[in-house]
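Accompanying notes for the structure given below.
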Amino acid sequence: MRLTRGPKSLLAQYEGAAFTYPEVGATAGTLPAGYHHLIRRTRIGDGSATFEQASSALSAWRMQSGSGLRVATNGPAEVGRTVVLALGRPIGLAIPCRVVWTVDEPRRRGFGYGTLPGHPESGEESFILTLDDDDAIWLTVTAFTRPGDVVVRLFGPVARGIQSHFIDRYGRALIREANRQT
């Protein structure tokens, strides 16, 4: 684990870092054994205009920043894009990740990202927006994770609780972003 005053200062060092787990891309399919699995679905709103707005917010990292994390990246969520999130102020826990896959279909959008060295956990998380046939918009968060170091291993249930808490915050942030008046 690593603490930082500003996640932007760490971004360059993580650009070429290797993933901390071998099952890269697995949130797009079958979740691997040996990890804690999480799947959470949150209703975001209704209609194609709201879906477009939510999709834009998701790819621009506004879901993460709207949940209280600091975000450092060089652009939207696309394959190969590195992001360093930070939890806490003025000094925060660095949470480095890289986008491993994206989906951009008329009624389904999102991405999955994986952990890099220094992340408190090891694994992957995906964020998929779907526009159902009844025009309901859903955010599905899928994750497989395990402790990334001994400290997190010691506090395993607490770490899962923090992850669950932030997934709830992600949903609320995306609801706000999707319904923002432009």
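Could you tell me which of the residues G156, G148, G118 is within 21 Å of A77 (Cα to Cα), more than 14 Å from the chain's Cα centre (by Cα) and modelled with pLDDT under 95?
That would be G118, the only listed residue that is within 21 Å of A77 (Cα to Cα), more than 14 Å from the chain's Cα centre (by Cα) and modelled with pLDDT under 95.
Working only within segment 94-115, note down all residues that are under 13 Å from the mean Cα position of the chain (by Cα) and not hydrophobic (A, V, I, L, M, F, W, C).
Across segment 94-115, the qualifying residues are P96, R98, T102, G110, G112, Y113, G114, T115.
Hey, does segment 29-38 have a residue that's at pLDDT below 95, closer than 30 Å to R180 by Cβ and in contact with a strand residue (DSSP E or B) (Cβ under 6 Å, 6 or more places away or on another chain)?
yes
Of these, R89, R107, R81, which one is among the basic types (K, R), surrounded by fewer than 14 Cβ atoms within 10 Å (Cβ to Cβ) and either in contact with a Gly (Cβ under 8 Å, 6 or more places away or on another chain) or at pLDDT below 95 (or both)?
After ruling out the rest, the residue left standing is R89.
Exactly one of (1) surrounded by fewer than 18 Cβ atoms within 10 Å (Cβ to Cβ); (2) more than 21 Å from Y21 (Cβ to Cβ); (3) hydrophobic (A, V, I, L, M, F, W, C); (4) touching a residue at least 40 places away in the same chain (Cβ under 8 Å) is unmet by A60. Its number?
In the conditions (1) surrounded by fewer than 18 Cβ atoms within 10 Å (Cβ to Cβ); (2) more than 21 Å from Y21 (Cβ to Cβ); (3) hydrophobic (A, V, I, L, M, F, W, C); (4) touching a residue at least 40 places away in the same chain (Cβ under 8 Å), A60 misses (4) alone.
Which residues, taken from segment 51-63, are within 10 Å of L174 (Cβ to Cβ) and under 12 Å from the mean Cα position of the chain (by Cα)?
Answer for segment 51-63, where residues must be within 10 Å of L174 (Cβ to Cβ) and under 12 Å from the mean Cα position of the chain (by Cα): L58, R62, M63.
The values are calculated or read from the model by the stated rules, or taken from the named source; none is laboratory data. Small disclaimer: the values here were computed from a predicted structure and weren't measured. Don't worry about glycine lacking a Cβ; one is built from the backbone with ideal geometry, like all the others, and counts go over all protein chains shown.
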